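So the structure is just underneath, and the comments pick up after that.
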Amino acid sequence: MIRDDSFSVEERAAIYRCIAARRDVRRNFLPDPVPDAVLARVLAAGHAAPSVGFLQPWNFIVVRSDETKVALHEAFSRANAEAAEMFEGERAQLYRTLKLEGLREAPLLLCITCERDRAGPVVLGRTHQSEMDIYSTVCAVQNIWLAARAENLGVGWVSILDLADLRRILAIPDTIVPVALLCVGYVDGFATTPDLERTGWRQRLPLEELVFAERFGEKAVT
């Protein structure tokens, strides 16, 4: 018997397709604005994420200002130049050819933060793993990413950025932890494989090498 809260075969297929088709988008953003109703659905998906102790530690900063985008891009450029110096040889040359952000091209940016003291000093589920609120916020980021893909929006996570710059530009208080800066917008198409896989930076690891039985490092018997 199929319950009312069960997913149909078609619904399951759509969810798995969305997961497989999600990409980190850094280029080919269209100038079309993201409608408020679409953004509201995407943010609602983020707010529906699981959180330890039902803490809901996230906040969402929506950025549309060109001035703010330029400031963030300048901060990225400084950090990216520093990052390029950390690689050597052919790796360094390849790094410098990669496009790693769409801060000026994307119609809007989202910064997702974590308010760690939202529920006080003692939080159910965080008593022995204090970082669980950060992990919960990352779940919100993933929800946003998948909801955006279902809305045919591209999303790119910009992590090459000094957090002090991000705090200053977006006026984020010291007590609030910036977790993710996302570029969001419609694109002219989604790649079938990740950018870094196509450029030869890294390849997807075989799943069977990552699954263990009972204890870490113990391969499952097939």
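Observations on the structure shown:
- The stretch 116-136, subset open to solvent by less than 50 Å² (accessible area, probe 1.4 Å) and touching a strand residue (DSSP E or B) at 6+ places or on another chain (Cβ under 9 Å), residue farthest from Thr175 (Cα to Cα): Ser136
- Scanning the stretch 61-100 for residues that are closer than 13 Å to Asp165 by Cα and either in contact with a helix residue (DSSP H, G or I) (Cβ under 8 Å, 6 or more places away or on another chain) or of a type in the set (Ser, Thr, Tyr) (or both) returns Thr68, Ala71, Leu72, Ala75, Ser77, Arg78, Ala79.
- Among residues of the stretch 16-33, those that are open to solvent by less than 90 Å² (accessible area, probe 1.4 Å) and either within 9 Å of Ala106 (Cα to Cα) or touching a Gly at 6+ places or on another chain (Cβ under 9 Å) (or both), counted: 8
- Some residue of the stretch 157-179 being surrounded by 10 or more Cβ atoms within 10 Å (Cβ to Cβ), in contact with a Gly (Cβ under 7 Å, 6 or more places away or on another chain) and of a type outside the set (D, E, K, R): no
- Flag if Cys139 is in contact (Cβ under 8 Å) with a residue 24 or more places away in the chain and open to solvent by less than 20 Å² (accessible area, probe 1.4 Å): no
- Residue match in the stretch 71-90 (condition: out of contact with any Leu (no Cβ under 8 Å at 6 or more places or on another chain), over 30 Å from Gly200 (Cβ atoms), surrounded by 12 or more Cβ atoms within 10 Å (Cβ to Cβ) and modelled with pLDDT of 95 or more): yes
The rows are residues; the columns are (1) within 27 Å of Leu109 (Cα to Cα); (2) without any contact (Cβ under 8 Å) to a residue 24 or more places away in the chain; (3) open to solvent by less than 50 Å² (accessible area, probe 1.4 Å).
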residue: Phe190; (1), (2), (3): yes, no, no
residue: Thr193; (1), (2), (3): yes, yes, yes
residue: Glu197; (1), (2), (3): yes, yes, no
residue: Glu218; (1), (2), (3): no, yes, no
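- Residues within the stretch 49-70 that are in a helix (DSSP H, G or I) and loosely packed, with under 14 Cβ neighbours inside 10 Å, tallied: 4
- Cβ pairs under 9 Å, 6+ apart, first in the stretch 26-52 and more than 13 Å from Gly154 (Cβ to Cβ), second part of a loop (DSSP other than H, G, I, E, B) and open to solvent by less than 20 Å² (accessible area, probe 1.4 Å): Ser51/Pro57; Val52/Val123
- The residue pairs whose first member lies in the stretch 95-124 and is over 18 Å from Val42 (Cβ atoms) and at pLDDT 95 or above, whose second member is aromatic (Phe, Trp, Tyr) and open to solvent by 30 Å² or more (accessible area, probe 1.4 Å), and whose beta carbons are closer than 6 Å, counting only pairs six or more residues apart or on different chains, are Tyr95/Phe87.
The values are calculated or read from the model by the stated rules, or taken from the named source; none is laboratory data. Values in this document were obtained by computation on a predicted structure and should not be read as measured data. FYI the Cβ positions are ideal-geometry reconstructions off the backbone, even for glycines, and counts take in every protein chain you see. The area values use the complete protein model at the heavy-atom level, side chains included, leaving out ligands, DNA and RNA. Shrake-Rupley method; radii C 1.70, N 1.55, O 1.52, S 1.80 Å.
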